[in-house]
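Down below is the structure, laid out as structure tokens.
The values are calculated or read from the model by the stated rules, or taken from the named source; none is laboratory data. Everything numeric here is computed off the predicted structure, so don't read it as measured data. For neighbour counting, all protein chains shown are included, and Cβ atoms are generated from backbone atoms with ideal geometry for every residue, glycine included. To get the accessible areas, we keep the full protein, side chains included, count just its heavy atoms, and leave off ligands, DNA and RNA. Shrake-Rupley method; radii C 1.70, N 1.55, O 1.52, S 1.80 Å.
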Amino acid sequence: QVQLVESGGGLVQPGGSLRLSCAASGNIFSIFPMGWYRQAPGKQREWVAREMDGSRTNYVDSVKGRFTLSRDNAKNTMYLQMNSLKPEDTAIYYCNTSPPSSRYWGQGTQVTVSS
């Protein structure tokens, strides 16, 4: 079974940047559309960026213009470039298929935006 492992999180000041990575143990990126999700303390998990049919990627309104999803199929890796980070971006970030499947949730990576 393919496993997804997120990395790249950390503590960053408001206005800073981070790049998250999602490494797959198998060839999943060429089969399924993928997405990034996050769960903030006390809140439900929400989608952040998700690939749609074709080459379109949708972003939740709160991150539009700041976050960019990309992928390197040859490396079985997907990325989330996060710029102009805000305290409200603080959450655990996960990658999964789009729509998400229960079989692929990993441990996530913690992103904390604070001065």
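Taking Lys and Arg as +1 and Asp and Glu as -1, the other residues whose beta-carbon sits under 15 Å from that of Val111 total +2. If you average the alpha carbon positions of the range 8-41 and of the range 64-115, how far apart do those two centres end up, in angstrom? That distance is 3 Å. Here the contact order of the chain, divided by its residue count and restricted to Cα pairs under 8 Å and six or more residues apart, works out to 38 percent.
The listed peptides 104-115, 76-87, 61-72, ordered by packing as a protection proxy, come out as 76-87, 104-115, 61-72 (highest mean of other Cβ atoms within 10 Å first).
Working from the pairwise distances between different alpha carbons, so that the mean of 1/r is found and then inverted, what is the range 31-115's Kirkwood radius in Å?
Across the range 31-115, the inverse of the average 1/r is 13.3 Å.
A full extension of the chain between Trp105 and Ser30 corresponds to an added length of 25.2 nm, given 0.36 nm per residue minus the alpha carbon distance.
Summed over the residues of the chain and divided among them, the accessible surface reaches 54 Å² per residue at a probe radius of 1.4 Å. Hydrodynamic radius of the range 1-53 by the Kirkwood approach over all distinct alpha-carbon pairs: 13.2 Å. Taking 0.36 nm per residue of separation and subtracting the current Cα-Cα distance, fully stretching the chain between Lys86 and Val2 would add 27.0 nm. With R₀ set to 22 Å, the beta-carbon distance separating Thr68 from Ser115 gives a calculated FRET efficiency near 0.35.
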